[in-house]
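The values are calculated or read from the model by the stated rules, or taken from the named source; none is laboratory data. This structure is a prediction, so every number in the text was calculated from the model and none was measured. Using ideal geometry, Cβ is built from the backbone for each residue, glycine included, and neighbour counts are taken over all protein chains shown. For the accessible areas, the whole protein counts, side chains as well, though only heavy atoms, and no ligand, DNA or RNA atoms are used. Shrake-Rupley method; radii C 1.70, N 1.55, O 1.52, S 1.80 Å.
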Amino acid sequence: MSAAHSLPASALEWLGSADRQVVLAVDSHTGGNPTRIVLSGIDLPDGARTVDAARAWLRDHADHWRRRLVHEPRGGGLTCAVLPVAGREDGCDIGAVILEPGSYPPMCGHCMIGFASVIIELDLLPDLWRDDPLAARFRIRTPAGPVGVVARRDAGKFSTVTITNVESFVVSRAPCTVEGRALPVELLYGGDYYISVDAGRIGLSLDRANATEIVRLARLLREAYTAGGVTDPVTGGLLNVYQVLFYEYDAAAPGHAKIVVVAPPGVIDRSPCGTGTSAFFAKLVTEGRIAPEETLTTESIIGSTFTVTAGGVRRTPERLFVTPDLTGRAYINGFLTIAADADDALADGFAPL
């Protein structure tokens, strides 16, 4: 970095004048949705060197890091972050704890595409292109399980990332009453859970101009669906369900779908949502509306796209499990120095409105 792009001496003096708890991060976006990847500044204790242990430590003892990274005033309702975890757990090359404004989710597709893209762009893992100059392969351990990555080059330039996601499936189907209407709802899983509704069947436009109504209905639907808790009908386990997925799909154009996901407190994913795309693709394969080897393109509310196909299919008496191969790309937006002023009452952030 040239001197013109370095912090001025006065900034460096301010950072060093007290314990500012400096964190360095790189900001990226995947299909329009942001991911903030930590480069340095958060040191894991000895007992929190695996992904699950690091996630538990952050959640139970150091949640201020999540709030500083993704809450306002440094972040917002859309901001997600990734804390890399060094090590080769479960045969993976690196681990990742995902931090969102409201939780520590098990998996996030756009975050993993963002993390993988930053790994490639900043050469965070050594010798990735050694065996194949056109395709670098590595694995990321997420809380949901290992996720495979294939990063590709085209004409010598990094082009796309394909994530082999965790097994995805249809959880249940049951109507949910909202504003006196019984909405046809499916609960889908693609690394996270989605209350899923065909927008066409309920007369909901998924155009950008209709964002306010999309969010309003999603909030009502989430509240009604999760009242009293949600359990898996096969395992009986209590599920953490907090996102709503609306889709438009025409059987006459089986290779395309529009997906709009709304997450708390009421923000629309700008990307087509990686885990949501995985969950929806599993639904289509389960219903026989698309073959596992075919490719589905999903489009977001702003027009960005992912593609998905099946890396594998497994059937049990209760369910069909689809392993999605999700392809997209993230771009680096910039680099961030996060600091805390001891006199700032809002240094740890506040939840997005």
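Can you work out the Karplus-derived ³J(HN,Hα) for every residue in region 292-300? Use 6.51 cos²θ - 1.76 cosθ + 1.60 with θ = phi - 60°, whole Hz, and x for glycine or proline.
So the J values, rounded to whole Hz, are x, 7, 7, 10, 10, 9, 10, 10, 8.
Which residue, 70, 82, 171, tops the fluctuation ranking in a GNM of the chain built on C-alpha contacts under 10 Å?
Top of the fluctuation ranking is 171.
I need to check one value: relative contact order of the chain, counting alpha carbon pairs closer than 8 Å and at least 6 residues apart, in percent. Intermediate values should be presented prior to the final figure.
On the way: 793 pairs, mean separation 72.3, N = 353.
Relative contact order comes out at 20 percent.
If r is the Cβ-Cβ distance from residue 332 to residue 179 and R0 is 35 Å, what FRET efficiency results, to the nearest 0.05? Working shown, then result.
Working: r = 43 Å, r/R0 = 1.22.
The pair residue 332/residue 179 has a calculated efficiency of 0.25.
With +1 on each Lys and Arg Cβ and -1 on each Asp and Glu Cβ, and nothing else charged, work out how big the dipole of the chain is about its Cα centre, in Debye to the nearest 20. Provide the component values of the computation, followed by the final result.
Values: 32 positive and 41 negative charges, 111 e Å.
Rounded to the nearest 20 debye, it is 540 debye.
So how tilted is helix 211-226 from the main axis of the chain? Cα-based, degrees 0 to 90, rounded to 10.
Value to nearest ten degrees: 80.
Pulled fully out, how much extra length does the chain show between residue 134 and residue 160, if you take 0.36 nm times their separation in residues and subtract their Cα-Cα distance? Could you put the intermediate results ahead of the total?
On the way: separation 26, 0.36 × 26 = 9.36 nm, distance 1.09 nm.
Gain on stretching residue 134 to residue 160: 8.3 nm.
What does the C-alpha gyration tensor say about the overall shape of region 12-135? Classify as rounded when a/c is under 1.5, otherwise prolate if a/b is larger than b/c, or oblate. Don't skip to the end; give the middle numbers.
Values: a/c = 1.42, a/b = 1.36, b/c = 1.05.
Verdict is rounded for region 12-135.
Just tell me the longest site-free run in the chain, where the sites are GluC sites (Glu not before Pro) in a DSSP loop having at most 11 other beta-carbon atoms within 10 Å. Display every interim value, and only then the final one.
Numbers: sites that count: 179, 287, 293, 318.
Answer - 1-178.
Working out 0.36 nm times the residue gap between residue 39 and residue 293, then minus their Cα-Cα distance, what length gain in nm do you get to one decimal?
On the way: separation 254, 0.36 × 254 = 91.44 nm, distance 3.73 nm.
Value of the extension gain: 87.7 nm.
By its C-alpha gyration tensor, with a ≥ b ≥ c as the square roots of the eigenvalues, how is the chain shaped: rounded for a/c under 1.5, else prolate for a/b larger than b/c, else oblate?
Numbers: a/c = 1.73, a/b = 1.38, b/c = 1.26.
It is prolate, given that a/c is not under 1.5 and a/b is the larger ratio.
What 222 nm value per residue comes from the helices of the chain, counting each DSSP H run with n ≥ 4 as -39,500 (n - 2.57) and dividing by all residues, nearest 500 deg cm²/dmol?
Dividing the helical sum by the residues of the chain leaves -6000 deg cm²/dmol.
Express the relative contact order of region 21-109 as a whole percentage, based on alpha carbon pairs under 8 Å and six or more residues apart in sequence. Working shown, then result.
Working: 138 pairs, mean separation 21.7, N = 89.
That works out to 24 percent.
Accessible area per residue for region 147-251 in Å², computed with a 1.4 Å probe and the full protein assembly in place, what is it?
Values: 4740 Å² over 105 residues.
With the other protein chains kept in place, region 147-251 gives 45 Å² per residue.
Solvent-accessible area of residue 10, probe 1.4 Å, all protein chains present, reported in Å² to the nearest ten, please.
Approximately 80 Å² for this residue.
What is the distance in Å between the Cα centres of region 271-313 and region 1-50?
A separation of 35 Å, based on Cα centres.
Can you tell me, using C-alpha contacts under 8 Å and at least 6 residues apart, the relative contact order of region 249-322 as a whole percent? Provide the component values of the computation, followed by the final result.
Values: 117 pairs, mean separation 22.7, N = 74.
Relative contact order of region 249-322: 31 percent.
Farthest toward the dipole's positive end in region 259-353, which of 324, 275, 349, given Cβ charges of +1 (Lys, Arg) and -1 (Asp, Glu) about the Cα centre?
Final value for the positive-end residue is 324.
Does a label point 7 Å from the Cα of residue 6, set along Cα-to-beta-carbon, have any residues of region 311-353 with amide nitrogen under 13 Å, and which are they?
Taking a point 7 Å out along Cα→Cβ of residue 6, no residue of region 311-353 has its backbone N under 13 Å.
Only Cα pairs within less than 10 Å get springs; with that Gaussian network setup on the chain, which residue of 168, 278, 205 has the largest fluctuation?
205
Specify the residue with the greatest mean-square fluctuation among 192, 27, 60, computed from a Gaussian network of the chain linking alpha-carbon atoms under 10 Å apart.
In this elastic network of the chain, the residue with the biggest mean-square fluctuation among 192, 27, 60 is 60.
Quick one: pull the percent of accessible area on the chain belonging to carbon and sulfur, 1.4 Å probe, ligands and nucleic acids left out. All intermediate terms of the calculation are to be shown ahead of the outcome.
Values: 7820 of 15450 Å².
Looking at the chain in its full context, I get 51 percent from C and S.
If you count only protein heavy atoms and use a 1.4 Å probe, how large is the accessible surface of residue 157, to the nearest 10 Å²?
The accessible area comes out at roughly 140 Å².
Under a crude label model (7 Å from the Cα following the beta-carbon direction), how far is residue 59 from residue 198 in nanometres?
3.5
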